[in-house]
Amino acid sequence: MPIYEYACARCAKSFETLIIRRSDEAEVACPACGGREVSRQMSRPAAARTGSDGGGAPARGCGPVG
Ligand SMILES: [Zn+2]
């Protein structure tokens with residue numbers, strides 16, 4: 001889903017909002033102070049994983065049954 005991160009220019013609060021249509025960007029307001037002076041951030045905190053090496057069994061806490 002197109003979730004963008006915004007930063008408020010008034011209270012410097014960062015929040016994420018769901019942008020489905022392009023017109024939704026004009027209606028983005030800060031959830032803290034309700035200001036419209038928000039700027040979209042390029043970096044996304046979620047889905048930013050690096051170092052995932054393919055192959056090998058994942059570490060599990062399942063010990064031998066006994
Ligand atoms: Zn704000």
**Study point:** Close pairs from the range 20-34: first farther than 13 Å from TYR4 by Cβ and without any contact (Cβ under 8 Å) to a residue 40 or more places away in the chain, partner in a loop (DSSP other than H, G, I, E, B) and near the ligand (Cβ under 8 Å from one of its atoms), Cβ under 7 Å, at least 6 apart
**Key:** ALA29/GLY35; CYS30/ARG10; CYS30/CYS11; CYS30/LYS13; ALA32/CYS11; ALA32/LYS13; CYS33/ARG10; CYS33/CYS11
Revision key, fill the gap. Going through the range 1-30 in order, the residues found to be more than 16 Å from the chain's Cα centre (by Cα) and within 14 Å of the ligand (Cβ to nearest atom) are ALA9, ARG10, CYS11, ALA12, ALA29
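No lab work stands behind these numbers, since they all come straight from the coordinates. Bear in mind the structure is a predicted one, so any value in this text is a computation, not a measurement. Positions of Cβ are backbone-derived with ideal geometry, glycine not excepted, and every protein chain shown enters the neighbour counts.
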